[in-house]
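The block underneath contains the structure these notes are about, expressed in structure tokens.
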Amino acid sequence: MRIIAGKYRGRKIFAPSGRAVRPSSDRLRQALFNILEQGKHDIKLGGATVVDVFAGTGALGLEALSRGANHAIFIENNPAALEYLRKNVTICDEVERVNITHANASSLPPAYAACDIAFLDPPYRSALGVPSLLTLANQGWLKPRCVCTLEIAKAEQFLPPRGFEIIDERTYGAARVYILRWSDRLKTTSSIANRYWKETYNDYRQDN
């Protein structure tokens, strides 16, 4: 796995073996950053503060830094993934512009920085997208009009919680990517979305 573009283009980064992480493919990562950089949705990557949730290897946040983001926060809960994440941050000489938070993405602590862009790549069919969006919003991790990207399985259902607007949606192989914009004027999830993610998450826990 490599950084695709920018100042670290071609820099190799590493992932643990097994199922500890599921890194986004290079093709999907390239397509996602093409959307972010084309200016269609008034998204500014240059100078941005980004948060990479379910960070795994840190590929999304490091790609953002390589392409001009100013600061990256990585949120990860898996010890094996954290080890490789720290290694990859060092490989890219980005220790000074990075914060790593060891936390559960669906129950985050209060933010120490509000972000312009949030990347979310939860395990497929985990139903963790909505609760993670909600805790990011409610704990102050998102600036007004923050852009959030969410990668889930193509067949997985997704109903955005209140306050999040889908502004783009793409399918790449087995993956579906949503681009959402957050409005801090609407901080309470709708009862429909709230009931949906609780029921889906409970089903996932029973199956696993």
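Summary table
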{"item": "Output for the stretch 121-146, where each listed residue is touching an Asp or Glu at 6+ places or on another chain (Cβ under 7 Å) and buried (at least 22 other Cβ atoms within 10 Å of the Cβ)", "result": "ASP121, CYS146"}
{"item": "Flag if ASN70 is surrounded by 14 or more Cβ atoms within 10 Å (Cβ to Cβ), at pLDDT 95 or above, more than 20 Å from CYS146 (Cα to Cα) and not hydrophobic (A, V, I, L, M, F, W, C)", "result": "no"}
{"item": "Residues located in the stretch 137-148, provided they are part of a strand (DSSP E or B) and closer than 18 Å to LEU108 by Cα", "result": "LEU142, LYS143, CYS146, CYS148"}
{"item": "Top-ranked residue of the stretch 1-28 - restricted to ones that are among the basic types (Lys, Arg) and modelled with pLDDT of 90 or more, ranked as surrounded by the fewest Cβ atoms within 10 Å (Cβ to Cβ)", "result": "LYS12"}
{"item": "The stretch 29-60: number of residues that are over 20 Å from ARG97 (Cβ atoms), surrounded by fewer than 20 Cβ atoms within 10 Å (Cβ to Cβ) and at pLDDT 90 or above", "result": "4"}
{"item": "Condition broken by PRO161, with the remaining ones in (1) surrounded by 19 or more Cβ atoms within 10 Å (Cβ to Cβ); (2) touching a strand residue (DSSP E or B) at 6+ places or on another chain (Cβ under 9 Å); (3) at negative phi satisfied", "result": "(2)"}
{"item": "Residue match in the stretch 168-175 (condition: out of contact with any strand residue (DSSP E or B) (no Cβ under 9 Å at 6 or more places or on another chain), modelled with pLDDT under 90, assigned to a loop (DSSP other than H, G, I, E, B) and on the phi > 0 side of the Ramachandran plot)", "result": "yes"}
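The values are calculated or read from the model by the stated rules, or taken from the named source; none is laboratory data. These figures come from a predicted structure and were not determined experimentally. Cβ atoms come from the backbone with ideal geometry, glycine included; neighbour counts cover every protein chain shown.
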